[in-house]
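The values are calculated or read from the model by the stated rules, or taken from the named source; none is laboratory data. Quantities reported herein were computed from a predicted structural model and do not represent experimental measurements. Note that we place each Cβ from the backbone using ideal geometry, even for glycine, and neighbour counts take in every protein chain shown. These accessible areas exclude ligands, DNA and RNA; they are computed on the full protein's heavy atoms, side chains included. Shrake-Rupley method; radii C 1.70, N 1.55, O 1.52, S 1.80 Å.
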Amino acid sequence: MADDKKLSPEEAADKIAGELMDVKATEQVAIMCDEDSPREMIAALQKTMHKIGAEYAVLLQPSRSAANKNLMNPVIEHGLEQADVLIGLTKSSGAPVYAAKVKQLLAAKRLRVMSLAMRDLDTLTAGGATADYAAVKKSGDALAEIWRNSREMRITSEAGTDIQAPIAFDDVIIECGYVREAGYMAGLPDGEVSSRPIEGQANGVFVVDGPAAIVGKPDVPIKIRVEMGKVVEVMGDCPQADELRTIVSTVPQADNIAEFGIGLNPSSRPDGIFQEVKKRQGQVHIAIGDNVYYGGTVQSNVHIDLVVLNPTVFLDDRMIVENGRILF
């Protein structure tokens, strides 16, 4: 269960740079933000880097609209070639996670990344951010082992979800807070295991009854029909469904089913923003749009996580989550 524990911005910054990232005085640190980023968190990270003695730069890019969430300023892209550590606090953008340049530097093991993208200050100092990440990582390792030995995932829910696809079992990603080596990425709050469905092979429907990236928590559940790895219909009578339909119909490749992820964080709150709820133990998120970070080939200007509450999940014939309760 979530608790009432609260970190100060300085304590959160120290946890990120210390326990989770192990930033050294000899390293170059890029703190990437935009015009909407929480200034208290930027200041706290600067103070922490001063204490460590690390060289850092605060990199500011313009805030982004729904149509270009993943775009990174090209000057910042070039600057990251000199960085050892990237901490991304962009409030309006997922670029520190999904930009192609970041993926290239991760693949080359020249960078490690902590994503605080699209979070507010409360999300960075309470709820899932306060978790015991050693315990969360232990759960992540156990789930990843099952995932790597499975070939297909099926997700259902009492709200009407029933979607399945073969999965990229050889490219399973553990995001459980720790990112102490080049080539890896984590977030705060964190706690999930994920991979991409094989492109063009997801089929079924899923019901978004939890919060969603970009559009927010829907006023009524949104039902999404999927055929051959693509969103073919977005059903729902609410502003969030209208915005999602617009994105899917106008942003290239936004209709791609990009990711299946399972949350593992017992401290994440059930009523937070999507970055909090998608990490909550036993919840599922299905993402549409870009899947390059997950080892795929589909590039898009958006990657939109959509939360399915209280799911039941099968890896092959093994039930690993039942109505939002993990079983493994």
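Taking Val220, is it farther than 20 Å from Val251 by Cα, β-branched (Val, Ile, Thr) and either out of contact with any strand residue (DSSP E or B) (no Cβ under 7 Å at 6 or more places or on another chain) or in a loop (DSSP other than H, G, I, E, B) (or both)?
Considered against the rule, which asks whether it is farther than 20 Å from Val251 by Cα, β-branched (Val, Ile, Thr) and either out of contact with any strand residue (DSSP E or B) (no Cβ under 7 Å at 6 or more places or on another chain) or in a loop (DSSP other than H, G, I, E, B) (or both), Val220 comes out as yes.
For the stretch 11-43, how many residues meet the condition of being closer than 18 Å to Asp132 by Cα and among the charged types (D, E, K, R)?
5
Could you say which residue among Gln201, Gln275 is polar (S, T, N, Q), within 29 Å of Leu327 (Cα to Cα) and either open to solvent by less than 10 Å² (accessible area, probe 1.4 Å) or modelled with pLDDT under 95 (or both)?
Gln275
Among the residues of the stretch 215-235, which ones are open to solvent by 50 Å² or more (accessible area, probe 1.4 Å) and within 26 Å of Asp120 (Cα to Cα)?
Lys217, Asp219, Val220, Pro221
Which residues, taken from the stretch 52-81, are of a type in the set (Val, Ile, Thr) and in a helix (DSSP H, G or I)?
Answer for the stretch 52-81, where residues must be of a type in the set (Val, Ile, Thr) and in a helix (DSSP H, G or I): Ile52, Val75, Ile76.
Filter the stretch 297-328 down to residues that are under 21 Å from Leu143 (Cα atoms) and outside any strand (DSSP E or B), then give me how many there are.
8
Consider the stretch 56-75. How many of its residues are open to solvent by less than 50 Å² (accessible area, probe 1.4 Å), under 28 Å from Leu7 (Cβ atoms) and either out of contact with any helix residue (DSSP H, G or I) (no Cβ under 8 Å at 6 or more places or on another chain) or among the aromatic types (Phe, Trp, Tyr) (or both)?
1
Filter the stretch 1-55 down to the residues that are among the hydroxyl-bearing types (Ser, Thr, Tyr) and open to solvent by 60 Å² or more (accessible area, probe 1.4 Å) and list them by number.
At the first step, the residues of the stretch 1-55 found to be among the hydroxyl-bearing types (Ser, Thr, Tyr) are 8, 26, 37, 48.
Across the stretch 1-55, the qualifying residue is only Thr26.
Exactly one condition in (1) of a type outside the set (Gly, Ala, Ser); (2) open to solvent by 10 Å² or more (accessible area, probe 1.4 Å); (3) in contact (Cβ under 8 Å) with a residue 40 or more places away in the chain is not met by Leu89; state its number.
Of the numbered conditions (1) of a type outside the set (Gly, Ala, Ser); (2) open to solvent by 10 Å² or more (accessible area, probe 1.4 Å); (3) in contact (Cβ under 8 Å) with a residue 40 or more places away in the chain, the odd one out for Leu89 is (2).
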